[in-house]
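Enquirer: The structure's right below; bear with me while I get my questions together.
The values are calculated or read from the model by the stated rules, or taken from the named source; none is laboratory data. Note that the structure is a prediction, hence the values are computed from the model and not measured. Cβ placement follows ideal geometry from the backbone for every residue including glycine, while neighbour counts extend to all protein chains displayed. Surface areas here come from the heavy atoms of the whole protein model, side chains and all, with no ligands, DNA or RNA. Shrake-Rupley method; radii C 1.70, N 1.55, O 1.52, S 1.80 Å.
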Amino acid sequence: METLTLVGCQFGDEGKGKIIDYLSKDFDITVRFNGGENAGHTVVVDDQTIKYHLIPAGFLGSKTVVVAKGVVINIKRMREEIEFLSKFRKNFDLKVSDLSHVVTELHFKRDSEIEQMRGAGKIGTTLKGIGPAYESKFGRYGIRLVDFTNRTDLKDHLTLMSQIYRIPFDDGYVDGLMADYESIKKYVCDTREYLEDSINDGKSALFETANGTFIDIDSGTYPYVTSSYTTSAGVTVGTGLSPRYFNKFIGVAKAYTTRVGEGIFPTEMFGEDADKLRTLGNEFGTTTGRPRRVGHLDLPMLRRAVRLNSLDYLALTKVDILGKMSSIKVAVSYEYDGKEVKEFNPSRKPDKVNYENFNKWGTGKSNLRDYIGLIEDELKVPVVMVGIGEKRDAIEVYQRVSV
Ligand code: IMP
């Protein structure tokens, strides 16, 4: 069975887009299985920057791309994204799960309302209605694509949601939603059945997560998390395929750490060095444009990500950016109550972080090799490729990923 599941090892924005784009050429199908338009997978093709929000970042590489049922869909945004992406690939094959839940304008409004209620304790969400869309799914008043049978039923679903949220909607909104649905209807199908049959017939599939391990709803830095399963465990519920289909996992980590929104960040940097790294790495949110918080690479965090996701391989991105910093540090352990601890605890800020220092590598390779050597020694997982620039082919591959 040729499947590979790809996850982010930090707080999202690890540069997964570029790695997915690269790997997807070797897979018949690329599947997205969680999150919504909060994600932004960036791929630079020639001089054009493509930002995937809902469509899998394997769009240009794989023959078929699938949006599985774990993804929550803003239909208007999906329609626009398909229109935009059609410029880059004429004959694409897209399949969207009929069981996917829809993000409506009521969810957008509720997202803003809840953030306002939280005041100083806000999560810093992307305000794309993601949390509320999963909330309505689990509350059993969500709307799935399969529910778009006719206008009257759709209006009934929206009416219940509107009563629960005490947020009104008007008739024009129902018409607009119905029209947007019509434009994506031809892609909607039972994707679980398609994937199961295809993989059983010998097709290969790459499964991509959105967001990162430590903003997973259960395994992350709760409550400063997103509302979906971003870890490798999410691939089964997100696709509907049984766990027997998955046995190889690759994690993507940035050579340093970034975070958007609030929550624990043990290796966070401040001041001039932080500003320099943010500028060099263009660390501003793909979806919201917000400046990202930046910090050193955190091996206790990656160690937990390796274990949580059963990682076989690691891909490291933006090593070129980090190499330009004059002082490079890597967190190797934490201290809690005077005791040294090797693994990140998402519910507790460490009292102290212990670092190892590195010399900058610029364009030279030996210091970079030392940096990668430390990561591999500490985590016992091979770094199989590194990202060395913005463009899609700026990747150095050390080892072929076998599935
Ligand atoms: P939400 O997913 O919009 O509800 O946001 C919840 C938290 O997850 C916020 O801190 C967001 O900044 C963060 N978040 C959501 N999606 C991403 C992502 O793709 N990259 C990085 N952070 C994200």
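Enquirer: Could you calculate the contour length gain from D93 to R118, that is, 0.36 nm times the residue separation minus the distance between their Cα atoms, to one decimal place in nm?
Expert: Contour length minus the Cα-Cα distance gives 4.8 nm.
Enquirer: Here is a follow-up. Given Cβ point charges of +1 (Lys, Arg) and -1 (Asp, Glu) and nothing else, what value in debye, to the nearest 20, does the dipole of the chain about its Cα centre take?
Expert: Around 260 debye, computed over the chain.
Enquirer: Roughly what % of DSSP beta bridges within the chain run antiparallel, to the nearest 5?
Expert: 40 percent
Enquirer: Please list, by residue number, every one of the chymotrypsin sites (Phe, Trp or Tyr not before Pro) in the range 238-275 that is coil in DSSP and has at most 10 other beta-carbon atoms within 10 Å.
Expert: Filter output for the range 238-275: F270.
Enquirer: Quick one: what Rg and Dmax do you get for the range 56-192 from the alpha carbons, in Å?
Expert: 15.8, 48
Enquirer: Where does the Debye-calculated log10 I(q)/I(0) of the range 105-184 sit at q = 0.12, 0.27 Å⁻¹, using only Cα point scatterers of equal weight, no solvent?
Expert: So the normalised log intensities are -0.36, -1.40.
Enquirer: Let me see the P(r) profile for the chain: every Cα-Cα distance counted, bins of 20 Å, each bin given as a percent of all pairs.
Expert: 28, 57, 14, 0
Enquirer: Compute the distance from the alpha-carbon center of the range 262-287 to that of the range 13-31, in whole Å.
Expert: Between the Cα centres of the range 262-287 and the range 13-31 lies a distance of 25 Å.
Enquirer: Which value, in debye to the nearest 20, describes the size of the charge dipole of the range 158-211 about its Cα centre when Lys and Arg Cβ atoms bear +1, Asp and Glu Cβ atoms bear -1, and nothing else is charged?
Expert: Dipole size: approximately 140 debye.
Enquirer: Under the rule a/c < 1.5 gives rounded, and otherwise a/b versus b/c splits prolate from oblate, where does the range 1-97 land using the Cα gyration tensor?
Expert: Note, shape of the range 1-97 comes out rounded.
Enquirer: To the nearest Å, what is the center-to-center distance of the range 61-100 and the range 362-403, using C-alpha atoms only?
Expert: So the two Cα centres are separated by 31 Å.
Enquirer: Give, rounded to the nearest 20 debye, the magnitude of the charge dipole that the range 252-397 has about its Cα centre when Lys and Arg contribute +1 at Cβ and Asp and Glu contribute -1 at Cβ.
Expert: That gives a dipole near 300 debye.
Enquirer: Now for a different question. Could you give the length gained on full extension between L160 and L280, defined as 0.36 nm per residue of separation minus the Cα-Cα distance, in nm?
Expert: 38.4 nm
Enquirer: While we're on this one: With a probe of 1.4 Å, find how much accessible area the chain has per residue, and write the answer as a whole number in Å².
Expert: Here the per-residue accessible area is 41 Å².
Enquirer: If each Cα of the range 252-397 is one equal point scatterer, what is log10 of I(q)/I(0) from the Debye formula at q = 0.12, 0.20 Å⁻¹?
Expert: After summing over all Cα pairs, the log10 values are -0.48, -1.42.
Enquirer: Still on this structure, I have one more. ³J(HN,Hα) across the range 397-403 via Karplus (A = 6.51, B = -1.76, C = 1.60, θ = phi - 60°), whole Hz, x for Gly/Pro?
Expert: 9, 9, 8, 6, 7, 9, 10
Enquirer: Once fully extended, how much extra length lies between C189 and R151, figured as 0.36 nm per residue of separation less the alpha-carbon to alpha-carbon distance?
Expert: This chain segment gains 11.7 nm when fully extended.
Enquirer: I've got another one for you. Let me check I've understood the local charge: for G202, count other residues with C-beta under 10 angstrom from its C-beta, Lys and Arg +1, Asp and Glu -1. What total comes out?
Expert: With Lys, Arg at +1 and Asp, Glu at -1, the net is -2.
Enquirer: Just the number, please: percent antiparallel of the DSSP beta bridges in the range 252-397, rounded to the nearest 5.
Expert: So the antiparallel bridges amount to about 70 percent of the total.
Enquirer: Give me a comma-separated list of calculated 3J(HN,Hα) values for the range 290-298, in order, Karplus coefficients 6.51, -1.76, 1.60 applied at θ = phi - 60°, integers in Hz, x for any Gly or Pro.
Expert: 5, x, 8, 6, 10, x, 6, 4, 10
Enquirer: Relative to a virtual label point 7 Å from the Cα of E2 in the Cα→beta-carbon direction, which members of the range 302-339 show backbone nitrogen distances below 19 Å?
Expert: Under 19 Å, as judged by backbone N against the label point of E2, lie 313 of the range 302-339.
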